[in-house]
Amino acid sequence: MQVNIICVGKLKEKFYRDACAEYEKRLSRYHKLKIIELNDEKPVDDSPEGIRKVLQKEGDKILPHLQKGYSIAMCISAPMPDSVKLAAQMRSYETLGTAVNFVIGGSWGLDERVIAACKGRLSLSPLTLPHNLARLVLLEQIYRSARINAGESYHK
């Protein structure tokens, strides 16, 4: 299955790049993986209007990538399955016969248009995670799901 991770912002710290690269390598046994990094926007100020403009600009960059495939918005208020349930969801995505797009927003989250364009929602934690860490946790959980679905053991 083709899995795309569409994310706002680049991995700046080496330890995040190294950890994500390790899971990308591991995942290559199970899925075709593509990471799409989009530049984040800087607000003029932290006012609600400044943040709205940032979300809108980032949303404009994300939306074209959602035209193909089944898209899932990473949202803190979304369902939070355990690893076994996420593995079952991943199995169901395979039956769709299309790519699966996981969308990770920038510092301010996702534009409402992006969330509305996604057919699914997923939360990794009730905690707010920096988007770099969210990408790493998402990669690890996709890998864990692949191992579960392949009937292979994975540390609990």
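For segment 62-84, a residue qualifies if it is modelled with pLDDT of 95 or more, under 13 Å from Leu110 (Cβ atoms) and in contact with a helix residue (DSSP H, G or I) (Cβ under 7 Å, 6 or more places away or on another chain), and the qualifying residues are Ile62, Leu63, Leu66, Ser71, Ala73, Met74. All conditions but one from (1) out of contact with any strand residue (DSSP E or B) (no Cβ under 7 Å at 6 or more places or on another chain); (2) within 19 Å of Ala146 (Cβ to Cβ) apply to Thr98; the one that does not is (1). Restricting segment 130-141 to residues that are closer than 16 Å to Pro81 by Cβ and more than 10 Å from the chain's Cα centre (by Cα), the residue that is surrounded by the most Cβ atoms within 10 Å (Cβ to Cβ) is Gln141. Against the criterion of being touching a residue at least 40 places away in the same chain (Cβ under 8 Å) and out of contact with any His (no Cβ under 8 Å at 6 or more places or on another chain), Lys85 does not qualify. Restricting attention to segment 107-129, does a residue exist that is hydroxyl-bearing (Ser, Thr, Tyr), assigned to a strand (DSSP E or B) and open to solvent by less than 30 Å² (accessible area, probe 1.4 Å)? Within segment 107-129, none of the residues are hydroxyl-bearing (Ser, Thr, Tyr), assigned to a strand (DSSP E or B) and open to solvent by less than 30 Å² (accessible area, probe 1.4 Å). Considered as a group, the residues in segment 50-90 that are hydroxyl-bearing (Ser, Thr, Tyr) and under 14 Å from the mean Cα position of the chain (by Cα) include one that is least open to solvent (accessible area, probe 1.4 Å), and that residue is Ser71.
The values are calculated or read from the model by the stated rules, or taken from the named source; none is laboratory data. The shown structure was predicted, so the numbers you read here are calculated from the model rather than taken from an experiment. All Cβ positions, even for glycine, are placed from backbone atoms using ideal geometry, and neighbour counts span all protein chains on display. Side chains are part of the model used for accessible areas, which takes the heavy atoms of the whole protein and leaves out ligands, DNA and RNA. Shrake-Rupley method; radii C 1.70, N 1.55, O 1.52, S 1.80 Å.
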